[in-house]
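Working notes, structure below.
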Amino acid sequence: MDGTDVTMLMREIGIRARAAAAELAFAEPSRKEEALNAAAEAMLARSDEILEANGRDLAFGAEKGLTPAMMDRLKLDAARIDGIVEGLRAVAGQPDPVGQVIAEWDRPSGLHIRRVRTPLGVVGVIYESRPNVTADAGALCLKSGNAVILRGGSESFHSSGAIHAALQDGLRQAGLPVDAIQRVPTRDRAAVAEMLRMVEHIDVIVPRGGKGLVGLVQAEARVPVFAHLEGICHVYADGEADLEKARRVVLNAKTRRTGICGSAECLLIDRAFLAKHGPVLIEDLLKAGVEVRAEGELAQVPGTVPAQPEDFGREFLDMIIAAKVVDGVDEAIAHIRRYGSSHTESILTENDATAERFFRRLDSAILMRNASTQFADGGEFGMGAEIGIATGKMHARGPVGAEQLTSFKYLVTGDGTIRA
């Protein structure tokens, strides 16, 4: 497909998406809920087809030499399909955000003013190897009254296509426009460049993928972007941490799934914790097969690797973690401010004042206490799913669910009211 063809293709997709968005903006909540539940049933009915398509993608990924973490992101099995189905049903059951009254008040002039949620319009989602993003993004955009244009990576091309077919089955059953959820039907990278310039047809772009993809989108997009560049997540074990809680959380935060953006990439251990408990957290990680790149006295622990300066502030997405000792919560905060990516940080402590200081003095999108950073996920937040994690300072931060895919408008009522 040459560049002219891609330009024409994307323009046509954009026109159809804009028309579908106009209809979705006032679709009854019950019809959107019906479409999502029907899509869930279609996913189950098409599960063999989806797994066959995923097998082709896995073979393609192996030929390309994808890392184990990337292959894990790409892989689907019966359990993961069940998870996608449950995500669709969970989004279906969420309150419909469109038309929700955020605030209302009366003015001395006699005006009654309401601020209500309204869809953004058309969302463009550009993602790499995770085929479940097709379902999550499609569901959340539909729930929030937005049309969506999905451009998955070449690695997940067949899987995303099969999942997209199930989503469109749901739209047809509910009598909603199938153009509400469109998928770019080409691997040609020129389609991405077109999406980034489609200011007439797309209202916001959400990139899901590695630093290379997100950096490209942020640098090249003329359309507004919701994104995070990296997930450099920290866990800080305070001197007053509970030992058993700390051991559970640290292991889970690093090892549950290393290839996701909520995986811990740096462990900060308070000197008081180390004095009280020794290097037990480091030893646990080593026993679990994690390569610990340690600084200072932690580098004396047998089995660790001396940390290099570039290991701090690095997203490994692998069984690797950087580790160092800090003197108190303020030094931990200073380290995170310097090296973090404003994604997710967790403090392990039983001291309420210390936890509150950590929460108030850091401005990452997600701050946790005595909990694994792997909970940085819209489904775990009760949103049903997420379209991505945003670390910017605009209205969308943290897991971006249906509510954050809305803007607002003002509805103003008078009674022949005029301004003096």
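The values are calculated or read from the model by the stated rules, or taken from the named source; none is laboratory data. Since the model is a prediction, treat every value here as computed from it, not as a measurement. As a convention, Cβ positions derive from the backbone with ideal geometry for all residues, glycine included, and neighbour counts pool all protein chains shown. With ligands, DNA and RNA removed, areas are computed over all heavy atoms of the protein, side chains included. Shrake-Rupley method; radii C 1.70, N 1.55, O 1.52, S 1.80 Å.
Observations on the structure shown:
- For region 294-314, the set of residues classified as open to solvent by 40 Å² or more (accessible area, probe 1.4 Å) and either in contact (Cβ under 8 Å) with a residue 60 or more places away in the chain or assigned to a strand (DSSP E or B) (or both) consists of V305, P306, R314, listed by residue number.
- Of the helices (runs of 4 or more DSSP H) lying entirely inside region 173-267, those containing at least 1 residues that are closer than 30 Å to L298 by Cβ, open to solvent by less than 10 Å² (accessible area, probe 1.4 Å) and β-branched (V, I, T) are 243-255.
- Residue match in region 50-60 (condition: closer than 28 Å to D203 by Cα and aromatic (F, W, Y)): no
- Sub-7 Å Cβ pairs linking a first residue in region 160-182 that is on the phi > 0 side of the Ramachandran plot and of a type in the set (S, T, Y) to a second residue that is at pLDDT 95 or above and assigned to a helix (DSSP H, G or I), at least 6 apart or interchain, number zero.
- Qualifying positions in region 79-113 - within 30 Å of E200 (Cβ to Cβ) and either open to solvent by 30 Å² or more (accessible area, probe 1.4 Å) or not in a helix (DSSP H, G or I) (or both): D96, P97, V98, G99, Q100, I102
- When F381, F408 are screened for being within 18 Å of I260 (Cβ to Cβ) and among the aromatic types (F, W, Y), only F381 passes.
- Scanning region 26-39 for any residue that is open to solvent by less than 80 Å² (accessible area, probe 1.4 Å), without any contact (Cβ under 8 Å) to a residue 60 or more places away in the chain, assigned to a helix (DSSP H, G or I) and within 17 Å of V85 (Cβ to Cβ) turns up nothing.
- Checking L76 against (1) open to solvent by less than 70 Å² (accessible area, probe 1.4 Å); (2) more than 30 Å from R114 (Cβ to Cβ); (3) among the aliphatic types (A, V, I, L, M); (4) assigned to a helix (DSSP H, G or I), the condition it does not meet: (4)
- Residue match in region 134-155 (condition: of a type in the set (A, V, I, L, M), open to solvent by 10 Å² or more (accessible area, probe 1.4 Å) and modelled with pLDDT of 95 or more): no
- Residues satisfying the stated conditions in region 365-420, i.e. under 17 Å from the mean Cα position of the chain (by Cα), of a type in the set (S, T, N, Q) and modelled with pLDDT of 90 or more: S372, T373, Q374, Q404, T406
Condition check ((1) over 27 Å from E310 (Cα atoms); (2) in contact with a Leu (Cβ under 9 Å, 6 or more places away or on another chain); (3) buried (at least 18 other Cβ atoms within 10 Å of the Cβ)) across all residues:
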| position | (1), (2), (3) |
| --- | --- |
| Y339 | no, no, no |
| I347 | no, yes, yes |
| E356 | yes, no, no |
| R360 | yes, no, no |
| A365 | no, no, yes |
| G378 | yes, yes, yes |
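- Condition met for G392 (open to solvent by 20 Å² or more (accessible area, probe 1.4 Å), at positive phi and either free of Cβ contacts under 8 Å to residues at least 60 places away in the same chain or in a loop (DSSP other than H, G, I, E, B) (or both)): no
- Among the candidates I418, I347, I387, I321, residue that is of a type in the set (V, I, T), in contact with a helix residue (DSSP H, G or I) (Cβ under 7 Å, 6 or more places away or on another chain) and more than 21 Å from A246 (Cβ to Cβ): I387
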